[in-house]
Amino acid sequence: MDYKIKDFYGRELMVQPRLALYSVRDFTGKEMPGLAITLINVTDSNDPTDYCDLTISFGEFIGMKNCAYIDTNNCDFADQLLKQGMATKTQFTKKSGFCEYPLWLFEEKDLREMGEAAYETYCSEYDKYMAEKMPPAE
């Protein structure tokens, strides 16, 4: 899945998301995987290069599955990706310094396409964690 963006200089680029994992911690200090999405510039398909990190980690576990904070401070084109259906913007944001970072919700099928192995690790750890912390109501 490729997305067309116009960068800060007005150049049109084709970018492709790749999924990796951040190391984050919950409120007790337990280490967990968090979603990390890098955009690869595939405008020249013969020479794909890392373009930017779309997501930003604050080192803390996000309790909403398939969500990540978006680095709109360094990715001013992020709304272009939303308009193309990459994710859905939630009502949540995180403030840091003078910046406010929106929390986006990604579709499972898209995350799998970005990086199946990384998503399997994330999903397995997330589901196991939530089952332990949030047992089914009786």
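Neighbour counting of Cβ atoms within 10 Å sorts the residues 75, 123, 99, fewest neighbours leading, into 99, 123, 75. Does anyone have the angle between helix 116-133 and the longest principal axis of the chain? Alpha-carbon axes, 0 to 90°, nearest 10? So the inclination is approximately 30 degrees. Per-residue extension of 0.36 nm, minus the Cα-Cα distance of residue 117 and residue 46, leaves a gain of 23.1 nm for this segment. Full extension of the chain between residue 127 and residue 109 yields a length gain of 4.8 nm, computed as 0.36 nm times the residue separation minus the alpha carbon distance.
Could you point to the label whose value was computed as Rg/Rh (Cα atoms, Kirkwood Rh) for the structure here, given (i) 0.99; (ii) 0.96; (iii) 1.03? It is the one labelled (i).
GNM on the chain, alpha-carbon springs under 10 angstrom: the most fluctuating residue among 61, 92, 77 is 92.
Based on Cα contacts under 8 Å between residues 6+ apart, the range 77-138 shows a relative contact order of 20 percent.
Using the Cβ-Cβ distance between residue 11 and residue 65 with R0 set to 30 Å, the FRET efficiency works out to roughly 0.30. For the pair the range 1-23 and the range 58-80, the centres of their Cα atoms are 14 angstrom apart. Close amide H partners of residue 32, meaning residues 5 or more places away or on another chain with modelled amide H under 5 Å apart, are 24, 25, 26.
Each residue, residue 1 and residue 82, gets one label point 7 Å from its Cα in the Cβ direction; the gap between the two is 1.7 nm.
Every number here is computed from the coordinates shown, using simple stated rules; none is lab data. Every value quoted in this text rests on a predicted model; they were computed, and no experiment measured them. Quick reminder, even Gly has a Cβ in these numbers, built from the backbone with ideal geometry, and neighbours come from all protein chains shown.
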